[in-house]
Structure formats: C-alpha cells, structure tokens
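Shown next, in structure tokens, is the structure this report addresses.
What follows draws every value from the coordinates through simple rules; no lab data is involved. The shown structure was predicted, so the numbers you read here are calculated from the model rather than taken from an experiment. Backbone-built Cβ (ideal geometry, glycine too); neighbour counts: all protein chains shown.
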Amino acid sequence: MTKKILIIGAGIAGLSAGIHACRNGYDVEIFEKNSVPGGLCTSWQRKGYTVDGCIHWLVGTRPGSQFNRLWREVCAIDQMDIVNHDIFMNIEGGEGKTLSLYSDLDRLEEHLLELSPDDEGLIRKICDAGRVVAKADFPLEKPSELYKFWDMPLMLLSMMPVLRVMGHLSRVSIKEYLGELKDPFLKEALQTVMPAGYSMISLVSTLASLHSGDAGFPVGGSLNFARFLENTFLDLGGRVHYRSGVQEIIVEKNRATGLQFENGNRVSGDLVISAADLHSTVYGLLKGKYLTEKIKESFAHLPVYSSAQIALGADCDLSGEAEKIAVKMEQPVTLGHEHNRYIYLTNYAFDPTLAPAGKTLLQATLYSSYEHWKASAGEEESYRRKKEQLAERVIKAAEKRFPAIKGRLEMTDVATPVTYSRYTGVYKGAYMAWIVPPEAGRFRIPKELPGLDDFFQIGQWVEPPAGLPGSMLTGRHVVQILCSRDRKPFRAAAVS
Ligand SMILES: Cc1cc2nc3c(=O)[nH]c(=O)nc-3n(C[C@H](O)[C@H](O)[C@H](O)COP(=O)(O)OP(=O)(O)OC[C@H]3O[C@@H](n4cnc5c(N)ncnc54)[C@H](O)[C@@H]3O)c2cc1C
C-alpha cells in the first residue's frame, strides 16, 4: 500500500521533501499556513514593485556545479536567468576608501594586495583557500544517517586536500581570523561581508562560490524561485493546501498519525514531516513533549541573527550605478543589541522585472535584534513609528549615495524580524537558524525525536548554517532515509 506522507510547510525544505517523496512513489500532501509557497524565500508586491524578502545569493546557479545538480532535481533552475556580479559588493568605508569584493579570486587578491601590501601573507592564504574550496566536490548527496562504517574513512581520504584547508578555517570565527590583518580598513571591510560570528570557512566558501560563478541571483526574485519548486511538486502529482495552518501534530501510542488544523479539521497519514520552524514544531505543535537536551540548550544559549529589510521604489533608472554596496554610516544605526556601522544597499537595476519600466527597486538591509521590535509589536502605533523612523534614516543614507532618487521615492516598505516571524513562524526572525560557534565543530539536530515514531523534522535548523541549498538538501535526505527503511532504491532525476 502507498504510504501517505503529511508535510507541514511549503518552504524550500518542505517542497524539496515533497518532490523527492512523490518521485519515489509516496502519496504526499503539503499543508502551508500562508497562501503562497516559499516560506522565508519570498517576495511581495508594493505599488507595482516586487519587494524581495530573501535571496542575496543562491549557491548552485552555475550549470554543472554540485548544488546545481541538486537544484535541478527539484526545479528547472537551468531555465532561469541568473545574474552574476563581477563585483559582488563594494564596501565603502568613507574617506574615499573602497574595497571591491571581486567575484574572481585572482582579481580580488590583486586588489586586496594593492590595498594592503603588508597583509600579503593572510591575503594569499584566504584566496588560496577559496581556490581549493572552489574545486572541491563535497559528499553531500548521502545523508549522514545512512553512512556505513567504511564511508567515513573513504570520504576523509578523498577530501584530504580540502580538509587540510577547511580544518583550521572551520574552527575559527571570521572576526578572530581577520583580526590578524594589519590594515584596519581591510579588517573592517572584510568583516562586513557576512556576520563576523560565523566560522571563517563560511566566508571562504562564499568567496569560492562567487569565484566559480555558482552564487548568482535568479531573475524574478525569491517567490518566483519558490514557484519553480512548487511547479515540480504539482507536476509530480503532489497536493499542496494553502491557508492550512497546523495547530497540533496528532500522536497516538507514540506515533505521529495526523495533523489537526487551526480550523478544527483533521487529516491522518502514515508519516509526518515537519518542515516548519523547529521551535514552533517542538514547543508548539508537539507541546514540548519530545524535547531533547540539545534542542533545549541550543534555543536557550545559541544566538541567532535577524535583520530588517527596507525597500524603496524610485521613479528613476539607476542602471549603470553600483549594484551592491555596503556604506559606512557616520553614526551607527542601533537596532536592539545590533550596532550597524554599515548599511547594505542593493540597487536591483540588474533585475528589471522587480520594478515598473524606467523605475528601480532599492533595498537596504540592517542587522536587528528581534527583541527591539517585539517590545512594541503589540502596540500598533509605536511599532509603526519605529518603522517610519528607521525608513527615514535609510532614505537619508540612500539619497546621499544615490542623489538621483531625491524627490522620486514613491514606495517604502519595512520588514522587521517580527514580520518574518509572523509570516512563517520562524523563531526570532532568524534567517539562518542559530549561529553555531566555530569551536562547537559539526553541529546537527537529529531529524527524529526520541520516543516519537513516524515523525521527522527538516529545514534550516537541523544543519545550520543551511540557507536555501542546505534546507533543500534536508528535504532530499529525509526521503533517502525513508526509501532506505522501506528497502527500496532512492530515485533522483533532473527536472527538464
Ligand atoms: C532576509 C533573509 C535573507 C536571506 N538570504 C538568503 C540568501 O541570500 N541565500 C540563502 O541561501 N538563504 C538566505 N536566507 C535563508 C533562507 O531563506 C532560509 O534558510 C530558508 O528559506 C529556510 O527554509 P525552510 O524551508 O527551512 O524554512 P521556512 O522558509 O521557514 O519554511 C517553513 C514553512 O512552514 C510554514 N509553516 C510554519 N508553521 C506552520 C504551521 N503551523 N502550519 C502550516 N505551515 C506552517 C511557513 O509558513 C513556511 O512556509 C535568507 C533568509 C532571510 C529571512
């Protein structure tokens, strides 16, 4: 008899699991509380503009790369137009100092050496590491749950050159590693590329993906990208139910047997996969009954990063202007415990589908603690005022950098960590799950909970920092585990 799988959440992890499960002969239904797919990978319409809520870079956009092969199993990524930037970001530190983060590592190396010849040793080390990682093929396809005892030594052997580089870089934070740089501007600028609490291997891997042209932007934006996965799922015969918020996972005799919805309806199945936020799953949908120490401890002690996104619609064409920049502010913008010395501005002139003809979408990103917004989220007026105040500061900074937009702004939109949390239920608006300290080594949350059968948890929290590629991979892995338990071969195929 065909097994019926119930999946909670049509984010990237849920859609990926749904696609692989359908392809492998399971009967699948996805239940999503919102009216569109994508979860955090989303966009929304404002006055004719498409505000993009997610993708800054997507790993796996280069045809033939390892993640590209995995994306091709879940969507027609090769049919999308992809934008790659020669300069991924210009970091403008004031006093005429600019670090151009070239995607090409050779150009980047040359540029960094011009900026600080005294830092040659470390600059070469970083760029060399990036080149090594760019050539590596990681053992991603097989979930660690299915490793046999011989897999590990074989893997270590095949990965030796890259592991030699990665070993050290994965145990040290970006801040600590770059702390060795002598040039203060270089030190500061390179730390703005991504949160400095991440391990250095995250930065090196990003440089590696940019170098190999594998970290582009899919034209049309994040929701459009998610729709490609939704199409695959529907084409394979999957069913997705929108506006179907799950209230509780039904458990009978320690087996997950069904779902109860917010409207009181119920559905039963043979297996439940939660691709919803981990915190809301274990504390909410399962009422805290199957918590593990690791989950409790991680939520209690590990930090998360969240951000505010400010979108501006300008009635002017900014093509030819810088596309992605981090601009140093005269006064830091403080949002809770986050002090932003830089504001990140994206000029989406490179994707004209996001704005009406002749107009441009500009977006700013600032780190922000969730608590800063949560405190006033219950009081509509004060929450709105805070949003307006932030928008005013961002507009000032944007107008200074792009004087052409002065007097031409016709749309402003502010999304806070509370917005993301309300929309998807994501814990504290966290955009990449926890920031696991590099010294913690490889960090995973088991996909199964002790004492609960026929239940799996997937998504960004189980293998942080996952982002979109990692979340997609957890959906594939869970189906590989199911196929193995059901003693059938796992079938994967590219979407044509
Ligand atoms: C601002 C921002 C920028 C980002 N930039 C990038 C980037 O550039 N590159 C990158 O790779 N990643 C990026 N990410 C991270 C990436 O978006 C996430 O890691 C990824 O989308 C997580 O996918 P997921 O499927 O695990 O979870 P989610 O996207 O959170 O999906 C969970 C789904 O479950 C649904 N749900 C929750 N509770 C229920 C319920 N009770 N009943 C029914 N449905 C429910 C939610 O509505 C949601 O659709 C960014 C994230 C943010 C917020």
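For residue 254 paired with residue 380, estimate the spin-label separation in nm (one decimal), with each label point 7 Å from Cα along the Cα-to-Cβ line.
For residue 254 paired with residue 380, the spin-label model returns 4.9 nm.
I need the calculated FRET efficiency for the pair residue 84 and residue 388, taking r as the beta carbon distance and R₀ as 35 Å, to the nearest 0.05.
Calculated value: 0.45.
What's the magnitude of the charge dipole for the chain around its Cα centre, counting Lys and Arg as +1 and Asp and Glu as -1 at the beta-carbon? Answer in Debye, nearest 20.
1240 debye
In whole Hz and in residue order, list the ³J(HN,Hα) couplings for the range 477-491 that follow from phi through the Karplus curve 6.51 cos²θ - 1.76 cosθ + 1.60, θ = phi - 60°; x for Gly and Pro.
Karplus-based 3J(HN,Hα) across the range 477-491 equals 4, 5, 6, 4, 5, 4, 4, 4, 5, 8, 6, 9, x, 7, 10 Hz.
Normalised by the residues of the chain, what does the relative contact order come to in percent, with Cα pairs under 8 Å and at least six apart? Intermediate results must be reported in sequence, preceding the final value.
On the way: 993 pairs, mean separation 117.5, N = 496.
Taking the mean separation of contacting Cα pairs over the length of the chain, I get 24 percent.
Going toward the positive end of the dipole of the range 398-481, with +1 on Lys and Arg Cβ and -1 on Asp and Glu Cβ, which of 420, 403, 460 do you reach last?
Value computed over the given set: 403.
Ranked highest first by average number of other Cβ atoms within 10 Å, how do 487-494, 111-118, 306-313 line up?
In descending order of packing, they fall as 306-313, 111-118, 487-494.
Tell me whether the range 79-126 comes out rounded, prolate or oblate; compute the Cα gyration tensor, take square roots of the eigenvalues as a ≥ b ≥ c, and use a/c under 1.5 as the rounded threshold. Walk me through the numbers on the way to the answer.
Details: a/c = 3.74, a/b = 1.56, b/c = 2.40.
Here the range 79-126 falls in the oblate category.
On a straight-distance basis, which lysines could pair with residue 187 in a cross-link, Cα separation under 17 angstrom, same-chain partners fewer than 8 positions away excluded?
Excluding near neighbours in sequence, the set is 97, 125, 175, 328.
In debye, nearest 20, what is the charge dipole magnitude of the range 372-477 about its Cα centre with +1 on Lys and Arg Cβ and -1 on Asp and Glu Cβ, if you could check?
560 debye
Run the simple label-point estimate for residue 410 and residue 114 please: 7 Å along Cα→C-beta, distance reported in nm.
Each label point lies 7 Å from its Cα, and together they span 3.9 nm.
With point charges of +1 on the Cβ of Lys and Arg and -1 on the Cβ of Asp and Glu, referenced to the Cα centre of the range 1-149, which listed residue (35, 96, 139) lies farthest in the positive direction of the dipole?
About the Cα centre, the residue reaching furthest to the positive side is 35.
List the residues of the range 348-370 whose backbone N lies under 17 Å from a point placed 7 Å from the Cα of residue 317 along the Cα-to-Cβ direction.
Flagged as within label range: 348-362.
Highest first, please rank the peptides 465-472, 290-297 by the mean number of other Cβ atoms sitting within 10 Å of their residues. Intermediate results must be reported in sequence, preceding the final value.
Working: 465-472: 23.2, 290-297: 14.0.
With the highest mean Cβ count within 10 Å placed first, the list reads 465-472, 290-297.
What are the ³J(HN,Hα) values, in whole Hz, obtained from phi via the Karplus relation 6.51 cos²θ - 1.76 cosθ + 1.60 with θ = phi - 60°, for each residue of the range 196-213 in sequence order, with x given for Gly and Pro?
Once θ is set to phi - 60°, the couplings for the range 196-213 become 6, x, 5, 6, 4, 5, 5, 5, 5, 5, 5, 4, 5, 5, 5, 4, 8, x Hz.
Take every DSSP beta bridge whose two residues both sit in the chain, then give the antiparallel share in percent to the nearest 5. If you can, show how the numbers build up before the last one.
On the way: 50 of 70 bridges.
Restricted to the chain, the bridges split so that about 70 percent are antiparallel.
Report, by chain and number, residues whose modeled amide H sits under 5 Å from the one on residue 82, excluding near sequence neighbours (fewer than 5 apart, same chain).
Long-range HN contacts for residue 82: 219.
At a Förster radius of 22 Å, what calculated FRET efficiency corresponds to the Cβ-Cβ distance of residue 227 and residue 47, to the nearest 0.05?
Efficiency, rounded to the nearest 0.05: 0.50.
So how much slack lies between residue 138 and residue 154, counting 0.36 nm per residue of separation and subtracting their Cα-Cα distance, in nm?
Full extension of this stretch gives 4.5 nm more.
State the answer as a single residue: which of 158, 285, 215 lies farthest towards the positive end of the charge dipole of the chain, with beta carbon charges of +1 for Lys and Arg and -1 for Asp and Glu, about the Cα centre.
285
Which of 56, 301 has the fewest other C-beta atoms within 10 Å, and how do the rest follow up to the most? Please report the intermediate quantities before stating the final value.
Details: 56 17, 301 9.
In increasing order of surrounding Cβ atoms, one gets 301, 56.
Given a cut-off of 28 Å, name the pairs among 253/447; 253/374; 142/374; 289/387; 142/324 whose C-alpha atoms lie farther apart than that in the structure shown.
Numbers: 253/447 20 Å; 253/374 38 Å; 142/374 40 Å; 289/387 38 Å; 142/324 36 Å.
From the list (253/447; 253/374; 142/374; 289/387; 142/324), the Cα-Cα distance tops 28 Å for 253/374; 142/374; 289/387; 142/324.
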